[in-house]
Amino acid sequence: MERPTWHGLTLKGIVLTVIVIAVAYPFVAVVATSLSTDKEIIANGGLVLWPTEPTLDAYRVIFAGGQVTHALVNSLGVAVVGTAASLVATVMMAYGLSRRGLTGGRFILMVALLSMLFNAGTIPNFLLVKELGLMGTFAALVLPGLISAFNFIVLRSFFTSIPRELIDSATVDGAGDLRVLFKIVLPLSKAPIAVVSLFYAVGYWNSFFNAMLYLDDRDMYTLPLILRQLVLMGQPLAKGEAFLGETPPPQQAIQMAVVVIALVPILLVYPFLQRFFTKGVLTGAIKG
Amino acid sequence: MSATTETPKRAGTPTPRKPVRRKLTLGQRLKRDRVMLLLALPGLLYFLVFHYVPLLGNVIAFQDYQPYLGFFDSVWVGLENFTDAFADPQFWSALGNTLLIALAQLILFFPAPIALALLLNSVISDKIRRFVQSVVYLPHFVGWVLIVSIFQQLLGAAGLLPNVLEAVGLPRYDMMTDPGAFPWLLTIQLVWKDMGWGTIIFLAALLAIDQQLYEAAAVDGAGRWRRLWHVTLPGITPIIILLFILNLGSILSVGFEQILLQRDNVGAESGEVLDTYIFFNGIQNGEWGPSAAIGIVKAVVGTALLLGANKIAHYFGHEGIYRGADK
């Protein structure tokens with residue numbers, strides 16, 4: 001085939017560069033602003049690209065043990081416990097249904113798959129959580145979304161793709177179904193289990209609507225709720241969290257510092273997640 | 001002839017059937033599968049309780065539901081909730097906003113990942129493509145609260161855009177609170193968040209196109225653009241149609257969290273969509289019945305659009321959703 005033309009290449013390069021900058025710039029600017037002083041933020045009209053005299057004052061304020069620290073602990077707790085619960089439930093169900101010809105297996109599978117087609121709606125879901133007495137508990141953030149049908153499909157299709165001979169050889173040696181799960185299936189499934197857990201973790205970390213609906217005790221607020229108050233509703237931090245130094249850090253730096261705190265865990269797990277997409281591990285499952 | 005004489009002879013001997021697996025009785029199968037079934041049981045319970053019970057909970061759309069009376073003792077009112085909901089001008093305003101926003105997103109957001117996927121697919125260097133992919137996938141994992149917060153800093157009253165405008169001598173403009181710009185604002189945010197992520201499925205489809213088709217087309221003298229038009233696009237048309245149909249099915253649910261977070265910036269008149277209307281009217285104002293009724297209408301219309309579009313796709317000889325979905 002003919003070689004690409006130089007102006008074609010240039011145009012492509014420009015378009016891709018613009019897209020990459022448009023996606024990456026806000027992340028950089030948010031981090032830079034959170035490290036800036038009042039003067040610099042005003043001089044740069046809101047957002048700073050490169051703080052000349054970086055300061056951690058904003059972080060000192062929010063880590064002083066006030067509501068942001070509290071919310072951070074709550075969010076981490078929900079994400080860790082929720083991910084563990086979701087992972088255990090999903091692996092159990094996916095492995096249970098991975099045997100071909102399982103008695104009643106088709107029925108259970110249909111129950112799970114059809115749930116993706118119908119969404120009961122906001123009101124009945126809310127009433128259910130209320131009737132179950134979950135209002136105002138962290139369980140209300142975890143239980144309604146315990147198993148994602150999508151993650152279940154990803155894991156199940158991986159489990160069923162494990163060669164039968166491997167499983168049979170273990171069964172011949174007298175291993176029960178549980179032994180097969182722990183000795184053969186799980187060790188072979190590290191990659192998809194990692195992806196699924198990261199999906200769950202990110203979901204719990206970002207969970208906003210359920211937190212807003214079901215949590216009313218301010219001490220139980222998670223990070224997204226605090227973010228909304230601080231940044232979107234413009235409420236200042238509660239009293240008693242004032243800076244002890246001479247000049248308090250600017251409101252905007254504090255706001256962006258909270259945004260950064262909420263972003264950091266996502267940025268930390270992202271490289272692991274990203275490896276799997278570019279390799280195309282999940283696309284087979286998406287199409288299937 | 002010899003075959004027919006042999007047959008009765010065989011019937012006499014103990015049937016030498018091939019050693020096929022013996023059919024197990026239900027009890028034996030249950031015994032064999034009991035561990036697997038026990039493992040799947042909590043999951044089954046989860047789906048029944050949290051996905052199917054709420055479906056039944058939609059009966060309150062036909063009741064004058066009172067929380068202290070519950071599902072069983074609330075008064076049945078027939079279709080009154082539906083007529084009440086349809087008589088509310090706010091419902092129609094929310095419906096109008098929903099359709100406007102959905103239309104903006106269908107026209108402006110839907111093609112974006114396709115274009116980006118085509119562009120990425122034409123990048124020859126693996127390194128560059130991987131790099132761009134890893135950057136543009138990232139915002140998908142950022143929650144809406146964070147995204148709206150970031151946009152507040154970029155476009156909000158004290159943010160970047162007004163300051164830049166002022167610096168170049170134009171009047172300050174706060175897009176976040178401009179009711180007329182609301183659909184565009186939502187679309188820009190959606191493009192930023194999900195344009196990259198949306199490319200994944202198209203890139204997979206592009207990879208599946210037979211390379212020989214390109215070579216054959218090139219031999220026949222087809223240039224770059226003709227190959228794009230005659231090989232690449234037909235190759236991804238099924239997936240485009242599939243996603244388009246799915247999109248139509250959810251046309252009445254435009255980004256709930258995203259809008260909930262920003263509705264008050266622009267006011268209910270242009271910021272209210274069906275989902276937020278259901279939320280505010282139902283959960284906050286206690287209009288349980290009418291809100292659930294609208295939820296049902298939404299689901300029915302969505303399903304009807306989905307099936308209708310699928311039918312049209314079949315009519316034009318495409319796979320649509322369900323024929324392709326169970327491959």
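When A:Arg60 is evaluated against the numbered criteria (1) in a helix (DSSP H, G or I); (2) at positive phi, which criterion, by number, is the only one it fails?
All conditions pass for A:Arg60, except number (2).
I'd like to know if the range A:44-67 contains one or more residues that are farther than 28 Å from A:Trp205 by Cα and touching a residue at least 40 places away in the same chain (Cβ under 8 Å).
Looking for residues that are farther than 28 Å from A:Trp205 by Cα and touching a residue at least 40 places away in the same chain (Cβ under 8 Å), one finds none in the range A:44-67, hence no.
Identify all residues within the range B:195-209 that are buried (at least 18 other Cβ atoms within 10 Å of the Cβ) and either within 10 Å of chain A (Cβ to nearest Cβ) or within 15 Å of the chain's Cα centre (by Cα) (or both); write none if there are none.
Within the range B:195-209, B:Met195, B:Gly196, B:Gly198, B:Thr199, B:Ile200, B:Ile201, B:Leu203, B:Ala204, B:Ala205 meet the criteria.
Just to be sure, is B:Gly267 at positive phi, away from chain A (no Cβ under 12 Å) and in contact (Cβ under 8 Å) with a residue 60 or more places away in the chain?
yes
Would you call B:Leu120 surrounded by 20 or more Cβ atoms within 10 Å (Cβ to Cβ) and either farther than 29 Å from B:Leu260 by Cα or at the interface with another protein chain (Cβ under 7 Å from one of its Cβ atoms) (or both)?
yes
Any idea which of B:Pro238, B:Pro234 is free of Cβ contacts under 8 Å to residues at least 24 places away in the same chain, part of a helix (DSSP H, G or I) and surrounded by fewer than 17 Cβ atoms within 10 Å (Cβ to Cβ)?
B:Pro234
Can we say B:Gln105 is in a helix (DSSP H, G or I), within 7 Å of another protein chain (Cβ to nearest Cβ), polar (S, T, N, Q) and buried (at least 18 other Cβ atoms within 10 Å of the Cβ)?
Here the answer is no, as B:Gln105 does not meet what is asked.
Pick out the one residue from A:Leu76, A:Leu49, A:Leu102 that is touching a Lys or Arg at 6+ places or on another chain (Cβ under 9 Å) and either under 19 Å from A:Met256 (Cα atoms) or surrounded by fewer than 23 Cβ atoms within 10 Å (Cβ to Cβ) (or both).
A:Leu102
Could you list, in sequence order, all residues of the range A:104-160 that are farther than 27 Å from A:Asp217 by Cβ, in a helix (DSSP H, G or I) and without any contact (Cβ under 8 Å) to a residue 60 or more places away in the chain?
Hits for the range A:104-160 are A:Gly105, A:Arg106, A:Phe107, A:Ile108, A:Leu109, A:Met110, A:Val111, A:Ala112, A:Leu113, A:Leu114, A:Ala149, A:Phe150.
Please find, within the range B:28-70, the residue that is surrounded by the fewest Cβ atoms within 10 Å (Cβ to Cβ) out of those that are in contact with a Lys or Arg (Cβ under 8 Å, 6 or more places away or on another chain) and within 7 Å of chain A (Cβ to nearest Cβ).
Once the filter is applied, the top-ranked residue is B:Asp33.
Of everything in the range B:161-216 that's of a type in the set (Gly, Ala, Ser) and not in a loop (DSSP other than H, G, I, E, B), which residue is modelled with the lowest pLDDT?
Out of the qualifying residues, it is B:Ala167.
Which condition number in (1) touching a helix residue (DSSP H, G or I) at 6+ places or on another chain (Cβ under 9 Å); (2) not in a helix (DSSP H, G or I) is the one that B:Gly221 fails?
If we test B:Gly221 against (1) touching a helix residue (DSSP H, G or I) at 6+ places or on another chain (Cβ under 9 Å); (2) not in a helix (DSSP H, G or I), just (1) comes out false.
Kindly provide the set of residues from the range A:88-106 that are under 20 Å from A:Gly145 (Cα atoms) and either of a type in the set (Phe, Trp, Tyr) or at the interface with chain B (Cβ under 7 Å from one of its Cβ atoms) (or both), ordered by number.
A:Ala89, A:Met92, A:Met93, A:Tyr95, A:Gly96, A:Leu97, listed by residue number.
Could you list, in sequence order, the residues of the range B:136-160 that are within 23 Å of the chain's Cα centre (by Cα), touching a residue at least 24 places away in the same chain (Cβ under 8 Å) and part of a helix (DSSP H, G or I)?
B:Val136, B:Tyr137, B:Leu138, B:Pro139, B:His140, B:Trp144, B:Val145, B:Ile147, B:Val148
Which of the residues that make up the range A:143-167 are farther than 26 Å from B:Lys298 by Cα and touching a helix residue (DSSP H, G or I) at 6+ places or on another chain (Cβ under 8 Å)?
Answer for the range A:143-167, where residues must be farther than 26 Å from B:Lys298 by Cα and touching a helix residue (DSSP H, G or I) at 6+ places or on another chain (Cβ under 8 Å): A:Asn151, A:Phe152, A:Ile153, A:Val154, A:Leu155, A:Arg156, A:Ser157, A:Phe158, A:Phe159, A:Ile162, A:Leu166, A:Ile167.
Just to verify a result, which residue in the range B:210-244, among those that are of a type in the set (Val, Ile, Thr) and within 11 Å of chain A (Cβ to nearest Cβ), is nearest to the chain's Cα centre (by Cα)?
Checked the range B:210-244; the qualifying residue nearest to the chain's Cα centre (by Cα) is B:Ile239.
The values are calculated or read from the model by the stated rules, or taken from the named source; none is laboratory data. Computed from a prediction, not measured in an experiment: that's the story for all the values here. In this analysis, Cβ positions are derived from the backbone assuming ideal geometry, glycine residues included, and neighbour counts consider all displayed protein chains.
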